[in-house]
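> Provided herewith is a single structure, encoded as structure tokens, for subsequent inquiry.
The values are calculated or read from the model by the stated rules, or taken from the named source; none is laboratory data. The model shown is predicted, which means the values in this text are computed figures rather than measured ones. Just so you know, the surface numbers come from the protein's heavy atoms only, side chains and all, with ligands and any DNA or RNA stripped out. Shrake-Rupley method; radii C 1.70, N 1.55, O 1.52, S 1.80 Å.
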Amino acid sequence: MASNQYKFDTRLSHMARPHIRTHGFVNMGVHRGSTVLYPDCATRAEGPKHRYEQWMSYGTGGGPTHFELENAIAEIEGGTHCTIVGTGLAAIAVPLMAYLKAGDHMLMPDSVYGPGRNIATKMLAGFGVETTFYDPQVDEAGITALLRENTRVVYTESPGSHTFELQDIPAIARAAHKRGACVMMDNTWGIHHFQPFQHGVDVSIQALTKYVGGHSDILLGSCTVNSREHWEKVRESALLLGAYASPDDVWLALRGLRTMGVRLKHQEQAGLEIARWLEQQPQVLQVVHPALPSHPQHELFKRDFTGGCSLFGVVFQPNYSLEDAYRFVEATTLFGIGASWGGYESLALPTTGFLTRTAGTGTFGGPMIRLHIGLEDVGDLKTDLLRGLAALG
Ligand SMILES: *Cc1c(COP(=O)(O)O)cnc(C)c1O
């Protein structure tokens, strides 16, 4: 639909409606399938085609259910094309495999999602791709100094999903593009609040597992781009790797999208209320949330984001130990100890001691945990957090 005519919530209700005959049913069905029939042998002989040309060739290219979600995510992020893959992690691996080859160099922020770092160090390194991990808060001159003749990918993630450093994406993209490097960004935290292609990103990655799914019951990832050229590269990589997503999960993501606007708005507000309240507690040294004026890069947040989500960090006073932080987490009853966020349920997870950093970033003045605020009543959550604060000792 004409995307800019309506507000976000209106678009979420009307995007990705079935483009094929559904006998009047408002929703797309679940299209499972491996076999795709050719109309004749001549079409078969032409080789694989995609829906944007005329025909499908095989189930791994996705089906009608996938196409609706791809259209929706491309619209949400302001891109032209999207490829849906089985997990957020696959959505990181697929474009990296598309753009890097032996002898190439990549820049990755020290704050990158851990398993994404592992793709670089445990897999790409073995294929002859070298990665330099850089301070995510680097400026344009800093990233320019790190770029090499063979730097093909400048990877970004803003904010980091454990330590919440923001990145100056437009500055990084300017520097990268001057050298012809591809700019990739993990936009899982920003969702629609950060419009990657208005800030120079070439490939935007999201774990739809998080707020899009919204119910902690699926795994799914997306690679969105803003040109046919990028799409063809990413698409080919997904097909070559067989990075297929289950249509049942895709359907659940389409369902999640319908309520994401209200969920996200509620969770963002609830998260901010709790974040501000925690800032006032004597046991808390710092709440690390890009939307708070106390965040060291809050100006970047105001410049580039229209909002945020309900995932942020809490640093306790330096007199507390990591064991004290464990006691906090375990004393709460409404906060589960879990990693995958964006669902309806609140979570608490120790951060300190679980980070891999090689560029000297990600240190805080005391033990740190990460909170995800779900859809529970805010008063109940505060009462529960008071139990955690009391258990700190
Ligand atoms: C969860 C997450 C991913 C990976 O998503 P999965 O679907 O769990 O593989 C990637 N990036 C970020 C920032 C995440 O939080």
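> Taking the chain on its own, what percent of its Cα-Cα pair distances exceed 35 Å?
28
> Right, another one. Which of the aspartates and glutamates could a cross-linker span from K122 if the Cα-Cα distance has to be under 20 Å and same-chain partners fewer than 8 positions apart are dropped?
Excluding near neighbours in sequence, the set is D104, D110, E130, E157, D186.
> Whole number in Å², please: accessible area per residue of the chain, 1.4 Å probe, ligands, DNA and RNA not counted.
On a per-residue basis, 42 Å².
> Which semi-axis lengths, in whole Å and largest first, follow from the square roots of five times the eigenvalues of the Cα gyration tensor of the range 49-138?
After diagonalising the Cα gyration tensor, the semi-axes are 30, 16, 11 Å.
> If all Cα-Cα distances of the range 260-391 are sorted into 10 Å bins from 0 onward, what percent lands in each bin, rounded to whole numbers?
Whole-percent P(r) values from 0 Å outward: 13, 45, 35, 7, 0.
> What lysines could a cross-link reach from K178, if we take a straight Cα to Cα line under 23 Å and drop same-chain neighbours fewer than 8 places away?
K101, K233
> Helix 322-331 versus the longest principal axis of the chain: what is the Cα-based angle in degrees, 0 to 90, to the nearest 10?
Here the helix axis deviates by roughly 80 degrees.
> If you don't mind, there's one more thing I want to ask. Can you tell me, using C-alpha contacts under 8 Å and at least 6 residues apart, the relative contact order of the chain as a whole percent?
The value is 17 percent.
> Rank these residues by their accessible area, most exposed first, probe 1.4 Å: K302, K210, K382, K122.
K122, K302, K382, K210
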